[in-house]
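Reviewing the structure listed below.
The values are calculated or read from the model by the stated rules, or taken from the named source; none is laboratory data. Predicted model, so just to flag it, every value in this text is computed and none were measured. With ideal geometry, Cβ positions are generated from the backbone for all residues, glycine too; neighbour counts draw on all protein chains shown.
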Amino acid sequence: MPDLVIATLLWDANGKEYDFSSMYDESWVEKLYRGCKRHCTVPFEFICFTEKVRDFDEPITQCLLSNPEPSYGDCIEPYKLGRPMILMGLDTIITGNIDHLARYCLEDHWLAVPRDPFDVKTVCNGVALVPASHQWVWDEWDGENDMDWIRGMRRRRVIDDLYPGHVVSYKGHVMHEGLDDARIVYFHGKQKPHELDHDWIQREWL
């Protein structure tokens, strides 16, 4: 089994999510898997945390969430694995090689997340680079919103400082400045990949 995990989450809309993130299904998981497969040569296990058993055509490991009616706070649960992990939401497209991000998870010791593109004094959790032994993030979680929990941590780094321009927000960066050298684009909030017709989305999100 590879040491590295690439993880995401999927649950059926249950009224606890915003309207702009209520459309996810198995196809979003498989597109994310295929993007990782195309752009990562480091061996990995792809794990989807979900509230029920799913049918996938791709080799995707499933882990049942502890909460049968998940909400955003349950995005903390993948940390319980304690394994080196890249954690991403389904509204994410891999646009370039991410081997260096995988190696960070395998070799470093500090959790790294992006700087919030609209409030540079804090961070967001669009993508997380998680070295081993971070199960404490799950163990110590008090049930609050996952974003607030990550923002409250003192023991973390900022991906933008480590790898400038490689992990970017669509709304905060790409929409205005173009794709440039981005490797991972996350689509937080409104405007998701299926609503846009950029050539690079057609090329990479399939």
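Within segment 114-132, being modelled with pLDDT of 95 or more and either part of a loop (DSSP other than H, G, I, E, B) or not aliphatic (A, V, I, L, M) (or both) holds for P114, R115, P131, A132.
For L106, the conditions (1) part of a helix (DSSP H, G or I); (2) aliphatic (A, V, I, L, M); (3) within 27 Å of G172 (Cα to Cα) all hold with the exception of (3). Restricting attention to segment 58-94, the residues being of a type in the set (D, E), part of a loop (DSSP other than H, G, I, E, B) and more than 30 Å from D199 (Cα to Cα) number 1.
Across segment 184-193, which residue is surrounded by the fewest Cβ atoms within 10 Å (Cβ to Cβ) among those that are within 13 Å of the chain's Cα centre (by Cα) and assigned to a loop (DSSP other than H, G, I, E, B)? If you could, list the steps in order and put the result at the bottom.
Narrowing segment 184-193 to residues within 13 Å of the chain's Cα centre (by Cα): 184-188.
Applying the additional criterion that residues be assigned to a loop (DSSP other than H, G, I, E, B) yields 187-188.
Working: F187: 25, H188: 23.
The qualifying residue surrounded by the fewest Cβ atoms within 10 Å (Cβ to Cβ) is H188.
Among the conditions (1) surrounded by fewer than 15 Cβ atoms within 10 Å (Cβ to Cβ); (2) closer than 24 Å to V167 by Cβ, the only one that D12 does not satisfy is (2). Taking segment 133-148 as the range and being closer than 19 Å to H109 by Cα, touching a residue at least 40 places away in the same chain (Cβ under 8 Å) and part of a loop (DSSP other than H, G, I, E, B) as the test, the residues that pass are S133, H134, Q135. Residues in segment 42-59 that are within 16 Å of the chain's Cα centre (by Cα) and either on the phi > 0 side of the Ramachandran plot or surrounded by fewer than 20 Cβ atoms within 10 Å (Cβ to Cβ) (or both): E45 alone. If the condition is being part of a loop (DSSP other than H, G, I, E, B) and without any contact (Cβ under 8 Å) to a residue 12 or more places away in the chain, then segment 19-57 contributes S22, V53. Within segment 58-72, can you find the residues that are touching a Phe, Trp or Tyr at 6+ places or on another chain (Cβ under 6 Å) and touching a residue at least 40 places away in the same chain (Cβ under 8 Å)? Matches in segment 58-72: L65, P70.
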